[in-house]
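The next block holds one structure in the form of C-alpha cells; read it before the comments.
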Amino acid sequence: MRCPYCENEDTRVVDTRTMNEGSVIRRKRVCGECNEKFNTLESVEFHYPTVVKKDNTRVEFDLNKVTSGLRKACQKRIISENKIEEMAKNISEEIRSQPDKEVKTEFIGNLVMKYLKQTDHVAYVRFASVYRSFKDLNEFMDELKGLLDKR
C-alpha cells in the first residue's frame, strides 16, 4: 500500500479490525519512510447485473441511488437509519442474486416498494407516488384503497 503523504510503498500494518459483521476490514498503517499513520478499508466488491433504464440505456447498479430513494421516502417518519440500511442491503442482495446479467429499473423499483410496504405504509405511498407517476387522484386513491383493503 502506497503512503498517501509521501507516495512511498514501504508501509506496514500496525492494527487490523473487522467491521460490518466481518465484511469490511480496517487496517491502521504506518509509513516506513515518513512515519505518518493512515487507515485503509478493505471490502468485498460485488458484481451486480447491469441496470436497463426505461429508455433502454444501460448503467451500473448504484446502491447509493437505492439508499437515497429510501431515505427520501422515509423522511420525517420514525424509521431508523439502521432500518433504511438493512432494507438497502436486502434489496442489493436480491438484485445480486438474479441469474440474469441485466435487470430493469422496474424490478428495482418494485423491490424498493416491497420493502417499504412491509416497513411503513406512508413511506411506501410516498415512493410509489413518485415511482409510478400517478397521473391523477384516482390512481393515487386506488393505491391507498389497496393498502387499506389488506389491513
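The values are calculated or read from the model by the stated rules, or taken from the named source; none is laboratory data. Worth saying up front: this structure is predicted, and the values here are computed from it rather than measured. Here Cβ is always computed from backbone atoms with ideal geometry, including for glycine, and neighbour counts include all displayed protein chains.
For region 39-59, the candidate set comprises residues that are exposed (fewer than 11 other Cβ atoms within 10 Å of the Cβ) and at pLDDT below 95; within that set, the residue that is farthest from Lys101 (Cα to Cα) is Leu41.
Check whether at least one residue in region 50-57 is of a type in the set (A, V, I, L, M) and free of Cβ contacts under 8 Å to residues at least 24 places away in the same chain, and report yes or no.
To start, the set of residues in region 50-57 that are of a type in the set (A, V, I, L, M) comprises 51-52.
Narrowing further to those that are free of Cβ contacts under 8 Å to residues at least 24 places away in the same chain: none.
Taking every residue of region 50-57 in turn, none turns out to be of a type in the set (A, V, I, L, M) and free of Cβ contacts under 8 Å to residues at least 24 places away in the same chain.
In summary, Thr105 fulfils each of the numbered conditions (1) more than 24 Å from Val51 (Cα to Cα); (2) in contact with a Lys or Arg (Cβ under 6 Å, 6 or more places away or on another chain) with the single exception of condition (1). With the checklist (1) basic (Lys, Arg); (2) assigned to a helix (DSSP H, G or I); (3) in contact (Cβ under 8 Å) with a residue 24 or more places away in the chain in hand, flag the one item Arg29 doesn't pass. Looking at each condition in turn, Arg29 falls short on (2).
Whenever a residue of region 131-151 is assigned by TED's automatic domain parsing to the domain that holds Leu70, its partners that are surrounded by 10 or more Cβ atoms within 10 Å (Cβ to Cβ) and among the polar types (S, T, N, Q), lying with C-beta atoms within less than 8 angstrom and at least six residues away or across chains, give the pairs Phe140/Ser129; Glu143/Ser129.
If the requirement is being over 15 Å from the mean Cα position of the chain (by Cα) and farther than 29 Å from Arg27 by Cβ, which of these qualifies: Glu42, Glu94, Glu106? If you could, list the steps in order and put the result at the bottom.
Details: Glu42 fails: farther than 29 Å from Arg27 by Cβ; Glu94 fails: over 15 Å from the mean Cα position of the chain (by Cα).
After applying the criteria, what remains is Glu106.
Which residue is surrounded by the most Cβ atoms within 10 Å (Cβ to Cβ), if the candidates are limited to region 105-151 and must be in a helix (DSSP H, G or I) and of a type in the set (S, T, N, Q)? Ranking the candidates gives Thr119 first. On the stretch given as region 28-67, residues that are more than 22 Å from Met113 (Cβ to Cβ) and polar (S, T, N, Q) total 6.
Between Leu116, Leu148, Leu111, which is more than 15 Å from the chain's Cα centre (by Cα) and either of a type outside the set (Val, Ile, Thr) or closer than 27 Å to Pro49 by Cα (or both)? Selected residue: Leu148, the only one of Leu116, Leu148, Leu111 that is more than 15 Å from the chain's Cα centre (by Cα) and either of a type outside the set (Val, Ile, Thr) or closer than 27 Å to Pro49 by Cα (or both). What about Lys72, is it out of contact with any Pro (no Cβ under 8 Å at 6 or more places or on another chain) and in a helix (DSSP H, G or I)? Answer is yes for this residue.
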